[in-house]
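Presented below is the structure to which this report refers.
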Amino acid sequence: MKVIAILIIVLTGGLLIYGVEEMPDWGDPNSPASSHVSPKYIQEALEKTATPNMVTAVLGDYRGYDTMGETAVIFTAGIGCILMLRKKRKGEGD
Amino acid sequence: MATHFAALVIIIPLIAALFVPIIGWWKKGLCYPLVVAVLIVPLISSLGILNRVIESGPFSYYLGGWAPPWGIEYAIDYLNAFVLVIISAISLIVSIYSKKSVEKEMPEKVVPFYSLFLLLVTGLLGIVVTGDLFNVFVFLEIAALSCYALMAIGRDGAPFATFRYIIMGTIGASFYLLGVGYLYIITGSLNMLDVAQRLPEFYHSRVVLTAGVFMIVGIGLKMALYPLHAWAPNAYADAPSTVSGLVAPLMTKVAAYMMIRIMFTVFKPVFFVEIIPVTTILTWMAAVSIIVGSIYAIAQTDLKKMLSYSIVAQIGYIALGIGLANRSGLTGAVLHILNEAFTKGCVFLVAGAIVYKMGSCNINDFKDLYRKMPFTMSAFLIGAFSMVGIPPTCGFFSKIYLIMGAINAEKWIFVAVLLFSSILNVIYFFRVIKIAAFDEVIPDYSRTTPYITYRLDEVPLSMLIPILIMAAGILVCGIFSPEIINTVIQHIIPASF
Amino acid sequence: MLEYIISKYNFWVYIILLLIGLYAMLGKKNLVKKLIGMNIFQSAVILFYVSIGVKKGGATVPIFMGDAHAAHGHGQAIIDVASYINPLPHVLMLTAIVVSIATTGVALAVLILIFRRYKTLELDEIIKIRKDTGV
């Protein structure tokens, strides 16, 4: 068990370190992540959604569908816990 | 209305999942008809979507009206529409079946069960319909969480098996998320089509390589492909019958869909075939999966466990078809997704019916089952035929395409694996059929009536009809498979094959 | 060499955290420890994403500074992209954090079920009980 775990760690870690080499430097304002999609959020969020907080604008509007999924996840977890843990109370029957 | 079919597929089951607890709180008995009625909507919508795709080609639907890549987009093409129809059809059939089985196995938990049932279907449909890499993760987690909860309330070993599934499933989902993050770093986008467009110039970057490997490993974990399969057999076998009837046909197939999507849409086929040899590794993993899964299946005496190992073997067929990366191979893989959904659905529902009648599903107790439950066991026979690949079932056609794919790729070893696995399938399925149909019951002469007379003892109609529909589905898909391939599947194959 | 390590140190931090979490998930014998490992693992992925959003050179939190009403009223206000960090990874991670919490909750509920059945949370003891009783 431990041997397998260490083997998997070495493989995963090796792959991750291998991948770091060609990553853009940390905090580079011209990296693709900061220059392709996100500038439009920063520039347009206020005008289009009238929300000064860009994170809120993206969370609630541009990617609101993701947020709907997120609430569904919480609902799922809640109902799941009810399903697993709820015991039938005495005298309750139908 | 018709333009919003794509959104209805998700929204209606999700909203209904919220209403089930409220209505169940008022009247418990209304949950079942509500769920069945609700699940008709995704089926109609996805048939509408498929019809629209066939008539006018792929289309997209902008959620909230935000244009991609800034907003989230449903990008619907032949593959999405096809898998959507499969998922919604299977889930509707299983929901009809669920009534008696749920009432018997967990009478006090009907309300949260049906709510989670709808959430599971929502999650599976959401993974397939969306065109956004991160959105896939969100719906993957909805499906996974509802699946964990539903599986954990099964028979004895279920919670422990589920915990293993949680650990493995979370590693899989997080690896996928990590891969998405790497793609985001290099391309700056999350929209599948946008990423696909921006990616080719970076194909030789190490970041993209890492991303590809992590995504494929993550999805492989969800698919239960050897050697990442260890969690699957126990989790599927111990789950309540209705749940294994829903999850076994769909969960791994949706992961297979994701693999096709990542390998052939987000990345161009050239990346995984030529730049890094993932397809070659995948074919070998698939081949081992097929053989090991089948051999383990032979060793089982519990029907549900045998079928669960058979999932590992069958997912190997799909992975093999994907890994061969040629026209016939991928046709076979996609056709096998359809075939597996119906076949596994059919045999797992039969297993559930046997559990319902006998309380367990040990194969050695099956004597004379054909006389007691002739219709159910005939459906099982059709399922077994499809598993083995006997015409005119769908399994025959998908296997033929897979074998043709292996021949076209000139990989003779896989042709041998496919043929050999058919023999293994014969062994483990026909063992069940032999015991159930042909084993003589030893007459007990100490009694006044030495031969026990068996009366017809079929399961209730609400269980029998879905089983027969599944069995009919196997035959219909087999007979019409040339039409299915001509109208849908041939458009799924990437142009470069 | 040192400069190379420092210029990408966010990646090293998250890789170490990720591997600690992964090791705990696979190698530890106690189920609760596995679960904590899962949390560390997911946190590592979250940190990785958040670190993508950083922009050096005077960028600040992605909240519009200045007179929001005036800017909104005058239509297209000129907003300098370099002065705000990238909001998208933050949004994604809000969702991922919620997902991670939900997974932890469900896993804890499953652990309660396991404890009710086996009266222990040690992996080898559970495996022994499963072997003895055949379930």
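Taking amide H as placed 1.01 Å from N in the peptide plane, the amide H of B:L225 sits under 5 Å from none that are at least 5 places away or on another chain.
Between C:I101 and C:L47, the contour length at 0.36 nm per residue exceeds the Cα-Cα span by 17.9 nm.
Arranged from fewest to most other beta-carbon atoms within 10 Å of their beta carbon, B:V278, B:V347, B:V288 become B:V288, B:V278, B:V347.
Near the amide H of B:G188, within less than 5 Å, lie the amide hydrogens of A:A33, all on another chain or at least 5 residues away, with H placed in the peptide plane. Label-to-label distance, B:K104 versus B:R327, with points set 7 angstrom from Cα along the beta-carbon direction: 4.9 nm.
The amide H of C:F64, built 1.01 Å from its N in the peptide plane, has A:N53, A:M54 as neighbours under 5 Å, considering only residues 5 or more places off or on other chains.
Taking 19 Å as the cut-off, the amide N atoms of segment C:1-27 that come nearer than this to a point 7 Å along the Cα-to-beta-carbon line of A:S35 belong to C:8. Note on B:K253: lysines with a C-alpha under 20 Å away, same-chain residues under 8 apart excluded, are B:K222, B:K304, B:K305, B:K344, B:K399.
Each residue of segment C:119-127 was assigned a 3J(HN,Hα) from its phi angle through the Karplus expression (A = 6.51, B = -1.76, C = 1.60, θ = phi - 60°), giving 6, 7, 10, 8, 4, 5, 5, 4, 4 Hz with x at Gly and Pro.
Would you mind getting me the FRET efficiency between B:W25 and C:I127? Use the beta-carbon distance for r and R0 = 30 Å, nearest 0.05.
Numbers: r = 40 Å, r/R0 = 1.35.
For B:W25 and C:I127, the calculated efficiency is 0.15.
A dipole drawn for the protein assembly as shown from +1 and -1 charges on Cβ atoms has a positive end, and of A:P32, C:P62, B:I76 the residue lying farthest that way is B:I76.
Considering only A:G60, A:G78, A:G19, the mean-square fluctuation computed in a Gaussian network model of chain A, springs between alpha carbons under 10 angstrom, is largest for A:G19.
How much FRET efficiency would the formula 1/(1 + (r/R0)^6) give for B:I275 and B:Q197, where r is the Cβ-Cβ distance and R0 is 22 Å, rounded to 0.05? Please list the in-between numbers first.
Details: r = 17 Å, r/R0 = 0.79.
Calculated value: 0.80.
Rounded to 0.05, the FRET efficiency of the C:V61 and B:T487 pair, given R0 = 30 Å and the Cβ-Cβ distance, is 0.05.
Helix-only mean residue ellipticity at 222 nm, the protein assembly as shown, DSSP H runs n ≥ 4 weighted -39,500 (n - 2.57), per residue, nearest 500. What is it?
Values: 30 runs with 515 residues, N = 726.
Mean residue ellipticity, 222 nm, calculated: -24000 deg cm²/dmol.
Roughly how far apart, in whole Å, are the Cα centres of segment B:218-251 and segment B:1-62? Here the two parts' Cα centres lie 25 Å apart. Sequentially through segment C:95-100, phi angles give Karplus couplings (6.51, -1.76, 1.60; θ = phi - 60°) of 5, 5, 4, 4, 4, 5 Hz, Gly and Pro residues having no value and appearing as x. Listed by chain and number, the lysines placed with their C-alpha closer than 19 angstrom to that of B:K99 are B:K27, B:K28, B:K109, B:K357; residues fewer than eight positions away on the same chain are left out. The aspartates and glutamates whose alpha-carbon is closer than 13 Å to the alpha-carbon of C:K34, local same-chain residues fewer than 8 away aside, are C:E122. What longest region of chain B stays clear of GluC sites (Glu not before Pro) that DSSP places outside H, G, I, E and B and that have at most 11 other Cβ atoms within 10 Å? Between exposed loop sites, the widest span is B:1-409. For a label point 7 angstrom out from the Cα of B:A7 toward its Cβ, which stretches of segment B:118-144 have the backbone nitrogen within less than 19 Å? Counting backbone N atoms under 19 Å from the label point, the list is B:122-123, B:125-132, B:135-136, B:139.
The numbers here are math on the coordinates, done by the rules we state, and not lab data. Because the structure is a prediction, the values reported are computed rather than measured. Here the Cβ is made from the backbone with ideal geometry for all residues, glycine too, and neighbour counts use every protein chain on show.
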